[in-house]
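S.K.: Starting off with a structure, shown below.
The values are calculated or read from the model by the stated rules, or taken from the named source; none is laboratory data. If you're wondering where the values come from, they're calculated on a predicted model, not measured in any experiment. A quick note on method: Cβ atoms are made from the backbone with ideal geometry, for glycine too, and the neighbour counts reach across all protein chains shown. The protein model used for the area step is the full one, side chains on, heavy atoms only, and it has no ligands, DNA or RNA in it. Shrake-Rupley method; radii C 1.70, N 1.55, O 1.52, S 1.80 Å.
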Amino acid sequence: ISQYVLEDIRASRISDVAIVLGNVHAERVREHYGDGSNFGVRITYVEQGEPRGIAHAIGLCSEFIGNERFVVYLGDNLLKGGMKKFVQRFDSEESLDALVLLTAVKEPQRFGVARFDEKGTLVELIEKPKVPPSNYAIAGVYFFTPLIFDAIKRLKPSWRGELEITEAIQILLNEGNNVAYDFIEGWWKDTGSAEDIIEANRLVLD
C-alpha cells in the first residue's frame, strides 16, 4: 500500500519525502525503500518510535519541512485517482493555510468528522465522536503550511494519549486561519483492518 502512496506522490510531482518510522519493523521499511531512488523520490527517515499521534509525527518533521508548504499522506490510505488535483489546488491558492479532504462514510464515529455551519463553512473537526455531526470523515491526506507546527506545539495528549491532528487543525480554525476543504470523488480506503486491506487490494487491481 505504501508503494501505491509513493507512486501517487511522484505523480503529483513531489520529489522530497520524509517517512516517519514507528516502532514496528522500522528496519524493514528502510531496507525496502532505501534512499527512494528506485521509486523516483528522495527519502529522509524520521524516527518517532512509540506511536504518539499523527500530530506528533508531523511535528517531528518541522526541520525537514522548513518554510515549505507540504502534504501529509498517511501510508494506510488510498485515493482513487490520487491527490494530484488537490496538490494543484493547494499550490494555486496561496492564501490557504490548510486543506483537508473529506469523504462520506457509513460509520463516521470511527473517524475524525467535520461539522459545518448553515452556510457550509467548516467550523469544527471532532475525533471519533460518539454522536457524529455529519457523515463526512477526514481522509488521511492533509495539506499544510508551517503554521501547523505552532498549533502542534500547543497540544496536550487526548484521551487516547496521542496528539490529535484534528485538534491542531481546530486551533487554526479557531484563530481565523484559512482552512479549506475538498471532497474526494470515488472511493477512499483507510486500511485499518485485514478486511480493509483485502478490499484495497481488489480496488487497486481493478
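S.K.: What number goes with the only condition from (1) of a type outside the set (Lys, Arg); (2) at pLDDT below 90; (3) within 29 Å of Tyr45 (Cα to Cα); (4) surrounded by fewer than 13 Cβ atoms within 10 Å (Cβ to Cβ) that Ser92 does not pass?
M.R.: (2)
S.K.: Determine, yes or no, whether Phe86 is open to solvent by less than 60 Å² (accessible area, probe 1.4 Å), of a type in the set (Phe, Trp, Tyr) and under 18 Å from the mean Cα position of the chain (by Cα).
M.R.: yes
S.K.: To continue, here is another question. Can you name the residue in segment 1-49 that is open to solvent by 80 Å² or more (accessible area, probe 1.4 Å) and of a type in the set (Asp, Glu) and, of all such residues, is modelled with the lowest pLDDT?
M.R.: Glu7
S.K.: Go over the candidates Gly66, Gly59, Gly53 one by one and state the one that is within 16 Å of Phe144 (Cβ to Cβ) and in contact with a Ser or Thr (Cβ under 8 Å, 6 or more places away or on another chain).
M.R.: Gly53
S.K.: So which residues in segment 119-153 are open to solvent by 10 Å² or more (accessible area, probe 1.4 Å) and part of a helix (DSSP H, G or I)?
M.R.: Leu147, Phe149, Asp150, Ile152, Lys153 - these are the residues of segment 119-153 that are open to solvent by 10 Å² or more (accessible area, probe 1.4 Å) and part of a helix (DSSP H, G or I).
S.K.: Hey, Ala168 hits all of (1) open to solvent by less than 10 Å² (accessible area, probe 1.4 Å); (2) at pLDDT 90 or above; (3) under 24 Å from Ser12 (Cα atoms) but one; which does it fall short on?
M.R.: The failed condition is (3).
S.K.: Please pick out the residue among Gly161, Gly53, Gly59 that is open to solvent by less than 60 Å² (accessible area, probe 1.4 Å), more than 18 Å from the chain's Cα centre (by Cα) and not hydroxyl-bearing (Ser, Thr, Tyr).
M.R.: Gly161
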